[in-house]
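Read through the structure below, which is laid out as structure tokens, and then see the notes.
The values are calculated or read from the model by the stated rules, or taken from the named source; none is laboratory data. All values reported here derive from a predicted model rather than from experimental measurement. Every residue, glycine among them, receives a Cβ derived from its backbone with ideal geometry; neighbour counts consider all protein chains shown.
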Amino acid sequence: MSATASWQDLLARPADGNHMCQIYADEAFLVDAIAHFIATGLRRDAGVVVIATAEHWDACTARLAEQKVSLREAEWRGQLVLLDAEKTLSQFMVGGMPDWKSFQDVVGSAINNVRHRYARVRAFGEMVGILWRRGERRAALRLEELWNHLVKVQDLALCCAYRIDGLADDAYDGALASLCEAHSHIIPAPDYRRLDESVARASKEVLGSRVARMLQSLAAERPPSARMPAGQSMLLWLEENMPLTAPRVLARARAHYHASTS
Amino acid sequence: METKKSYPHEGLRRRLASFGIPRAQHDIDALWKMLPVRLNGPPFNGFDADAMAEVLLYLIEKGIIRLPCQIEALLDFDWGTHACHFYRSQEDLLEFLVPYFRRGLENDEYCLWVVAPPLTIETVREAMTPAGRQVADLDRQMRFAGHDQWYLDEAGRIKDVAAIRGAWAQAARHALDAGYRGLRCAGDTSWIPRRNWNGFIKYECEVNDAMAGLRIKAVCSYPLHGSGVGLMSNVLGSHRGLFVKGEGWWHRIATTDPKEARAVLLALQGDKS
């Protein structure tokens, strides 16, 4: 299918201005991704700002300790700044929506402080994920807009995370499609190749090999705005263009993906 | 166990009807025949009526194909059109070209058919002569030429592009001088050796450019079997309009994106699956 860069490569070497979105069903995948993003950033001499929940930060700290990454030293150098996601979020929410000025004062300043010492800055944030989980989707998407503005003016690489299972039916109620609009990349699963193969096999079973191949080629000509593995892109294409067939392909893709995991 | 539906969901049926596909043709067997895909007949395994309708609607709504139709609906070209036709068999070839030229005869156009094996001039002349009509009548308004006579020089090499283009222009002038409305022509490409494809495609591109504004309508026929992806892309880029037969219906591939057109052609190529 596609030659999309692996999420490991993407998170290790993000371009300035990238606004990546990780969706996860499994906490271990999230922790792996954050730890990788932080460790590679520190090694590449980038400033790193992490806005995570306490629970995820604890898990991440343990993972980074296994990799012998010294967080204390990085914090002491001013290379790493850690903010609590819940607390930070509460500092710029006004009337249930994020407020640009307060966001700039709290988050923008934190990034700016790191920027003074490091030419390249990367940030991880899961405040949008918290809003999404609370059902405050409008606020989450508004916060993504504020982040996009900050990414532009600060020229930083940003990774967000949402607890959404990319192979679950409810991801295709418009949720993933709206996230595509707000991001440059979607990181949907730990194993891209298995995802691509599961979707290709499911499409073939539901549509027959010749139709599936034709649709894969047609879908590739009209890709979503965010970059992602071909299997994920195909699922979104099916949701948009073949809404009655899409759930059947998704159910089979889910079964194949999980069968090959276990 | 998934149940197979004979008809698609009512919402899809309304959309099919809005494109002029009558409700009587919404059953799974009829939809299958309208798809530009080479498929075995029933049973269709997982491919149900909803999926067939959704694929067909996508192709039509996005302008990738026109509504599948009978051959007669595809034969009225504008002057200056240089279209291509992909065929699977000799029968396919005749099924397109005989009505194509008959329409030209009816429209008072001069017709020129450049014939290549396995068809012969005798075969196509016979196919073009309806019962009760004299061959002499046909010969006044139509010319048949062998591909060797039209495209090759005396040593059997492909003539240069300017010479072939000049011959078409001369034929068009002859048509107008003789009082016809213009020239309707067709040529088959099955005789071209693979090593000569690049040169021939260059010729096709030049023909495409040269035909704009001329009173010529031309169709180039290409065998679908054995046409590789590269050739398809080149052919698609050098013609305006592409015709191909599906499971009983004819398709006009309307997209201007060669990759989309190629995706449909590949679905029609080869054995059924």
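Kindly establish whether B:VAL114 is touching a Leu at 6+ places or on another chain (Cβ under 8 Å) and β-branched (Val, Ile, Thr). Please lay out each step first, then the result.
Details: touching a Leu at 6+ places or on another chain (Cβ under 8 Å): no; β-branched (Val, Ile, Thr): yes.
Answer is no for this residue.
Looking at region A:31-54, is at least one residue in a strand (DSSP E or B), within 12 Å of the chain's Cα centre (by Cα), crowded, with 18+ Cβ neighbours inside 10 Å and at pLDDT 95 or above? Let's see the steps before the verdict.
Step one: list which residues in region A:31-54 are in a strand (DSSP E or B), which gives A:47-52.
Then drop every residue that is not within 12 Å of the chain's Cα centre (by Cα), which leaves none.
No: region A:31-54 contains no residue that is in a strand (DSSP E or B), within 12 Å of the chain's Cα centre (by Cα), crowded, with 18+ Cβ neighbours inside 10 Å and at pLDDT 95 or above.
Looking at (1) within 14 Å of another protein chain (Cβ to nearest Cβ); (2) under 20 Å from A:ARG213 (Cβ atoms); (3) surrounded by fewer than 17 Cβ atoms within 10 Å (Cβ to Cβ), which one does B:GLY63 not meet, given that it meets all the others?
So the condition that B:GLY63 fails would be (2).
From A:SER184, A:SER225, which residue is away from every other protein chain (no Cβ under 14 Å), hydroxyl-bearing (Ser, Thr, Tyr) and either under 22 Å from B:ILE64 (Cβ atoms) or over 16 Å from the mean Cα position of the chain (by Cα) (or both)?
Numbers: A:SER184 fails: either under 22 Å from B:ILE64 (Cβ atoms) or over 16 Å from the mean Cα position of the chain (by Cα) (or both).
One residue alone meets the criteria, A:SER225.
Can you tell me which residue in region B:26-47 is farthest from the other protein chains (Cβ to nearest Cβ), limited to those that are aliphatic (A, V, I, L, M) and not in a loop (DSSP other than H, G, I, E, B)? Don't jump to the end; show me each part of the working.
Here is the first cut: in region B:26-47, the residues aliphatic (A, V, I, L, M) are B:28, B:30-31, B:34-35, B:37, B:39.
Then keep just the ones that are not in a loop (DSSP other than H, G, I, E, B); that gives B:28, B:30-31, B:34.
Details: B:ILE28: 13, B:ALA30: 17, B:LEU31: 12, B:MET34: 13 Å.
Checking each candidate, the answer is B:ALA30.
Helices (runs of 4 or more DSSP H) wholly in region A:80-175 with at least 3 residues that are touching a residue at least 12 places away in the same chain (Cβ under 8 Å) and either buried (at least 17 other Cβ atoms within 10 Å of the Cβ) or at positive phi (or both) - which ones? I'd like the intermediate steps shown before the answer.
Details: elements: A:85-90, A:100-103, A:109-115, A:127-133, A:137-154.
Counting at least 3 such residues, we get A:85-90, A:109-115, A:127-133, A:137-154.
Hey, A:GLU240 hits all of (1) within 30 Å of A:TRP147 (Cβ to Cβ); (2) surrounded by fewer than 19 Cβ atoms within 10 Å (Cβ to Cβ); (3) more than 10 Å from chain B (Cβ to nearest Cβ) but one; which does it fall short on?
Unmet condition: (3).
Among the residues in region A:205-213, are any closer than 30 Å to A:ASN112 by Cα and not in a helix (DSSP H, G or I)?
Just the residues of region A:205-213 that are closer than 30 Å to A:ASN112 by Cα, to begin with: none.
Scanning region A:205-213, I find no residue that is closer than 30 Å to A:ASN112 by Cα and not in a helix (DSSP H, G or I), so the answer is no.
Based on this model, can you work out whether A:ASP196 counts as more than 9 Å from chain B (Cβ to nearest Cβ), without any contact (Cβ under 8 Å) to a residue 24 or more places away in the chain and not in a loop (DSSP other than H, G, I, E, B)?
Values: more than 9 Å from chain B (Cβ to nearest Cβ): yes; without any contact (Cβ under 8 Å) to a residue 24 or more places away in the chain: no; not in a loop (DSSP other than H, G, I, E, B): yes.
Taking the combined requirement at face value, the residue does not satisfy it.
Please go through region B:203-229 and pick out each residue that is among the basic types (Lys, Arg) and over 15 Å from the mean Cα position of the chain (by Cα). Walk me through how you get there before you give the answer.
Step one: filter region B:203-229 for residues among the basic types (Lys, Arg), giving B:215, B:217.
Within region B:203-229, just B:ARG215 meets the criteria.
Going through B:ARG103, B:ARG23 one at a time, which residue ends up being more than 11 Å from every other protein chain (Cβ to nearest Cβ), surrounded by 15 or more Cβ atoms within 10 Å (Cβ to Cβ) and of a type in the set (D, E, K, R)?
Matching residue, one of B:ARG103, B:ARG23: B:ARG103.
In region B:58-82, what count of residues is obtained for those that are under 15 Å from the mean Cα position of the chain (by Cα) and in a helix (DSSP H, G or I)?
4
Being under 27 Å from A:LYS152 (Cβ atoms) and either in contact with a strand residue (DSSP E or B) (Cβ under 8 Å, 6 or more places away or on another chain) or among the β-branched types (Val, Ile, Thr) (or both): is that true of A:GLY47 here?
On the way: under 27 Å from A:LYS152 (Cβ atoms): yes; either in contact with a strand residue (DSSP E or B) (Cβ under 8 Å, 6 or more places away or on another chain) or among the β-branched types (Val, Ile, Thr) (or both): yes.
The answer is yes for A:GLY47.
Pick from B:GLY41, B:GLY46: which is of a type outside the set (D, E, K, R), surrounded by 15 or more Cβ atoms within 10 Å (Cβ to Cβ), in contact (Cβ under 8 Å) with a residue 12 or more places away in the chain and farther than 29 Å from B:THR256 by Cβ? Spell out how you get there, then give the answer.
Details: B:GLY41 fails: surrounded by 15 or more Cβ atoms within 10 Å (Cβ to Cβ).
Checking each option against the conditions leaves just B:GLY46.
Select, from B:ALA263, B:ALA254, B:ALA267, B:ALA218, the only residue that is free of Cβ contacts under 8 Å to residues at least 12 places away in the same chain and aliphatic (A, V, I, L, M). Break it down into steps so the answer makes sense when it comes.
Numbers: B:ALA254 fails: free of Cβ contacts under 8 Å to residues at least 12 places away in the same chain; B:ALA267 fails: free of Cβ contacts under 8 Å to residues at least 12 places away in the same chain; B:ALA218 fails: free of Cβ contacts under 8 Å to residues at least 12 places away in the same chain.
After applying the criteria, what remains is B:ALA263.
Scan region B:244-259 residue by residue and report those that are over 21 Å from B:TRP32 (Cβ atoms) and touching a helix residue (DSSP H, G or I) at 6+ places or on another chain (Cβ under 7 Å).
Hits for region B:244-259 are B:THR255, B:ASP257, B:PRO258, B:LYS259.
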